[in-house]
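Note sheet for the following structure.
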Amino acid sequence: MAPPADLRSWIALLEREGELVRVSAEVDPHLEVTEIVDRTVKAGGPALLFDNPKGSSYPLLINQFGTERRMRLAFGVDQLDDVAAKLEDVLEMQPPQGLVDKVRGLKKLKSIADSLPQTVRHGPAQEVVFTGDDVDLGALPVQTCWPGDAAPFITLPAVITKDPRTGTRNVGMYRMQVLDGNTTAMHWQIHKDGRADYLATDGRIEVAAALGLDPVTTYTASAPLPKHIDELMLAGFLRGEPVQLVKGKTVDLDVPADAEIVLEGYIDKDELTAEGPFGDHTGFYTPAEPFPVFHVTAVTMRADAIYPSIVVGKPPAEDAWLGKATERIFLPAVKMTVPEIVDYDLPVAGVFHNCCIVSIRKAFPGHAKKVMHAIWGLGMLSLTKAVVVVDEHVNVHDYEEVFFYVGANVDPGRDVLITEGPLDHLDHSPTHQFFGGKLGIDATAKGPDEGTRPWPEEIEMSDEIRELVDRRWEEYGIAADGEEQNGARPRKRAFTLSRAKRRD
Ligand SMILES: Cc1cc2nc3c(=O)[nH]c(=O)nc-3n(C[C@H](O)[C@H](O)[C@H](O)COP(=O)(O)O)c2cc1C
Ligand SMILES: [Mn+2]
């Protein structure tokens with residue numbers, strides 16, 4: 001099952017799978033949509049297509065990513081780790097041994113070559129073109145998400161720029177506050193590639209924001225790739241089909257040919273505006289801060305365009321699953337740099353930058369602290385505030401199990417590291433924005449080589465007795481519910497990926 005080719009085939013797939021509800025009642029993009037979606041997301045409910053948003057003739061799609069199942073459908077996989085496996089396969093390419101290996105290697109190379117975007121002459125994204133005075137952002141059903149928001153915000157764009165020095169493309173998801181009919185703010189945070197492109201320009205930088213893409217390409221706009229890697233290449237690789245691009249109408253940028261809507265325009269380096277407040281994914285309002293102004297020179301769209309949106313707020317919100325996808329997909333890349341890492345988990349309640357739980361194959365004294373520093377030095381993970389390190393046998397997705405080892409194995413005087421470093425742009429807790437304290441907790445087992453008393457053995461029943469009780473379970477006449485048959489240990493319930501349940 002290949003990932004859907006564009007937003008329409010994605011909507012059709014969601015409908016076939018019983019994962020989408022059309023809402024025909026008139027609903028207000030001002031706050032009302034948020035309350036409906038927040039309840040739906042938190043209940044694990046369907047994607048919603050609002051056919052009749054108040055004040056707009058364009059339908060609004062939301063909650064397309066709101067469950068793990070929909071993420072799996074988006075990527076066309078049985079579990080998100082399968083996406084990671086595909087990447088790992090390429091990352092770990094070795095010189096081929098023998099013919100079979102060579103053929104396999106060539107296939108992999110071809111899959112990389114096929115991931116480069118393709119330029120085409122025409123695309124549905126440009127069926128309708130508005131330029132100059134005909135540009136009217138007010139026609140779109142842009143949501144005002146939370147009562148304290150400064151204005152409506154475009155929340156699910158793929159923002160395209162080129163590095164003025166190298167010409168390399170970047171695609172990032174950055175919210176855009178609507179200022180008037182043809183300008184928005186551009187929320188390029190300090191650590192992001194889009195901002196680096198903007199800072200590298202002398203005067204003006206061209207920008208295109210694509211709205212309503214196939215779900216994999218939308219996801220890749222949120223993926224923390226190194227700056228020199230084009231997100232559209234990752235999209236092509238993960239889709240198994242190149243992303244098709246057409247030339248912009250008013251900018252020298254290629255834009256996704258299959259987009260529902262594209263906003264083209266430019267940003268002048270010195271023009272800033274007050275952006276925010278905005279009810280953010282941290283669960284708090286981000287106060288107003290200066291950000292660049294995006295002038296829209298053209299709006300191109302499909303004749304019957306659908307406007308995509310997302311609401312962030314107190315977790316879990318829809319973006320939880322975009323973050324979980326990144327956690328899974330980037331594990332092989334993390335392991336390339338720090339091979340002793342077995343697995344990691346970024347708890348949704350930690351809004352991804354507040355906490356990272358990591359399990360390691362511990363090999364020497366101080367190893368856990370080495371891994372903490374590695375995390376604090378690794379791409380966007382460097383912004384992590386607290387790192388918890390556990391041994392390889394601990395399931396990092398099972399927070400109760402992790403808590404057990406944090407309680408049992410940690411002497412705070414010896415195993416807690418407090419240091420400092422860069423923090424997320426949106427973190428309101430540090431005294432100075434962008435920079436502050438870091439917490440590392442070493443919850444691995446220690447031993448005399450780390451200066452402790454001999455470490456005690458953990459309690460485990462013998463395999464022999466477990467098997468005996470498995471065999472005899474029925475005989476005891478103790479009722480078991482459907483999930484917990486044959487005396488298997490009860491499955492723990494936490495916010496975890498389904499793969500986490502495979503243990504035992
Ligand atoms: C729904 C959603 C909204 C986001 N909004 C912003 C934003 O307003 N500003 C920002 O800098 N990053 C935002 N992000 C995170 C970036 O998309 C992410 O860091 C991405 O890697 C940026 O691309 P870049 O690394 O090419 O800059 C958002 C992510 C999601 C999922
Ligand atoms: Mn990037």
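Within segment 162-177, residues that are acidic (Asp, Glu) sit with their Cβ atoms under 9 Å from residues that are within 14 Å of ligand 2 (Cβ to nearest atom) and outside any loop (DSSP other than H, G, I, E, B), at 6+ positions apart or across chains, in these pairs: Asp163/Arg169; Asp163/Asn170; Asp163/Asp193; Asp163/Ala196; Asp163/Asp197.
In the set (1) in contact (Cβ under 8 Å) with a residue 40 or more places away in the chain; (2) closer than 16 Å to His367 by Cβ; (3) among the hydrophobic types (A, V, I, L, M, F, W, C), Val410 fails one condition alone, (1). Among the residues making up segment 198-224, those that are within 14 Å of ligand 2 (Cβ to nearest atom), open to solvent by less than 30 Å² (accessible area, probe 1.4 Å) and under 22 Å from Ala5 (Cα atoms) are Thr217, Tyr219, Thr220, Ala221, Ala223. Scanning segment 422-476 for residues that are open to solvent by 40 Å² or more (accessible area, probe 1.4 Å), in a loop (DSSP other than H, G, I, E, B) and more than 20 Å from Gly366 (Cα to Cα) yields His428, Ser429, Thr431, Gln433, Phe434, Glu457, Glu458, Ile459, Glu460, Met461, Ser462. Determine if segment 105-112 includes at least one residue that is among the basic types (Lys, Arg), open to solvent by 80 Å² or more (accessible area, probe 1.4 Å) and in contact (Cβ under 8 Å) with a residue 24 or more places away in the chain. Scanning segment 105-112 turns up no residue that is among the basic types (Lys, Arg), open to solvent by 80 Å² or more (accessible area, probe 1.4 Å) and in contact (Cβ under 8 Å) with a residue 24 or more places away in the chain.
Taking the options Asp343, Asp268, Asp258, name whichever one is in a strand (DSSP E or B) and under 22 Å from Tyr219 (Cβ atoms).
On the way: Asp268 fails: under 22 Å from Tyr219 (Cβ atoms); Asp258 fails: in a strand (DSSP E or B).
Being in a strand (DSSP E or B) and under 22 Å from Tyr219 (Cβ atoms) holds for just one of Asp343, Asp268, Asp258, which is Asp343.
Can you tell me which residues in segment 379-436 are among the hydroxyl-bearing types (Ser, Thr, Tyr) and within 16 Å of ligand 1 (Cβ to nearest atom)? Quick ask: steps written out before the conclusion?
The initial filter retains those residues of segment 379-436 that are among the hydroxyl-bearing types (Ser, Thr, Tyr), namely 382, 384, 399, 405, 419, 429, 431.
Answer for segment 379-436, where residues must be among the hydroxyl-bearing types (Ser, Thr, Tyr) and within 16 Å of ligand 1 (Cβ to nearest atom): Ser382, Thr384.
Which residues, taken from segment 150-169, are within 13 Å of ligand 1 (Cβ to nearest atom) and either of a type in the set (Val, Ile, Thr) or surrounded by fewer than 24 Cβ atoms within 10 Å (Cβ to Cβ) (or both)?
So the first thing to find is which residues in segment 150-169 are within 13 Å of ligand 1 (Cβ to nearest atom), and the list is 153-163, 168-169.
Those that are within 13 Å of ligand 1 (Cβ to nearest atom) and either of a type in the set (Val, Ile, Thr) or surrounded by fewer than 24 Cβ atoms within 10 Å (Cβ to Cβ) (or both): Ile154, Thr155, Val159, Ile160, Thr161, Lys162, Asp163, Thr168, Arg169.
Residues in segment 225-257 that are under 22 Å from the mean Cα position of the chain (by Cα), away from ligand 2 (no atom under 16 Å from the Cβ) and open to solvent by 10 Å² or more (accessible area, probe 1.4 Å): Arg239, Gly240, Glu241, Pro242. Screening Cys356 on (1) in a strand (DSSP E or B); (2) touching a residue at least 24 places away in the same chain (Cβ under 8 Å); (3) open to solvent by 10 Å² or more (accessible area, probe 1.4 Å); (4) closer than 26 Å to Gly436 by Cβ shows it passes everything except condition (3).
Report whether or not Ala368 is assigned to a helix (DSSP H, G or I), open to solvent by 20 Å² or more (accessible area, probe 1.4 Å) and either touching a residue at least 24 places away in the same chain (Cβ under 8 Å) or within 16 Å of ligand 1 (Cβ to nearest atom) (or both). Lay out the reasoning, then the answer.
On the way: assigned to a helix (DSSP H, G or I): yes; open to solvent by 20 Å² or more (accessible area, probe 1.4 Å): no; either touching a residue at least 24 places away in the same chain (Cβ under 8 Å) or within 16 Å of ligand 1 (Cβ to nearest atom) (or both): yes.
Answer is no for this residue.
Only one of the numbered conditions (1) within 30 Å of Ala139 (Cβ to Cβ); (2) assigned to a helix (DSSP H, G or I) is violated by Asp82, and that is (1).
Against the definition (among the aliphatic types (A, V, I, L, M), in a loop (DSSP other than H, G, I, E, B) and within 12 Å of ligand 1 (Cβ to nearest atom)), how does Ala303 come out, yes or no? No: the conditions fail for Ala303.
Only residues that are of a type outside the set (Gly, Ala, Ser), in a loop (DSSP other than H, G, I, E, B) and under 22 Å from Arg8 (Cα atoms) were counted in segment 27-53, giving 4. With (1) touching a Phe, Trp or Tyr at 6+ places or on another chain (Cβ under 7 Å); (2) in a strand (DSSP E or B); (3) open to solvent by less than 10 Å² (accessible area, probe 1.4 Å) as the list, and Thr273 as the residue in question, which single condition is left unmet? So Thr273 meets the others, but not (3).
Take the residues in segment 145-173 that are more than 15 Å from ligand 2 (Cβ to nearest atom) and part of a strand (DSSP E or B); name whichever of them is farthest from Leu31 (Cα to Cα). Once the filter is applied, the top-ranked residue is Ile154. Please determine, by comparing only the residues of segment 393-421 that are aliphatic (A, V, I, L, M) and within 16 Å of Ser382 (Cα to Cα), which one is most open to solvent (accessible area, probe 1.4 Å). Restricting to residues being aliphatic (A, V, I, L, M) and within 16 Å of Ser382 (Cα to Cα), the top hit is Ile418. Would you please name the residue that is farthest from ligand 1 (Cβ to nearest atom), looking only at residues in segment 174-197 that are open to solvent by 50 Å² or more (accessible area, probe 1.4 Å) and part of a loop (DSSP other than H, G, I, E, B)? Ranking the candidates gives Asn182 first.
The values are calculated or read from the model by the stated rules, or taken from the named source; none is laboratory data. On a predicted model such as this, the values are computed, not experimentally measured, just so you know. Here the Cβ is made from the backbone with ideal geometry for all residues, glycine too, and neighbour counts use every protein chain on show. Heavy atoms of the whole protein, side chains included, go into the accessibility calculation; ligands, DNA and RNA do not. Shrake-Rupley method; radii C 1.70, N 1.55, O 1.52, S 1.80 Å.
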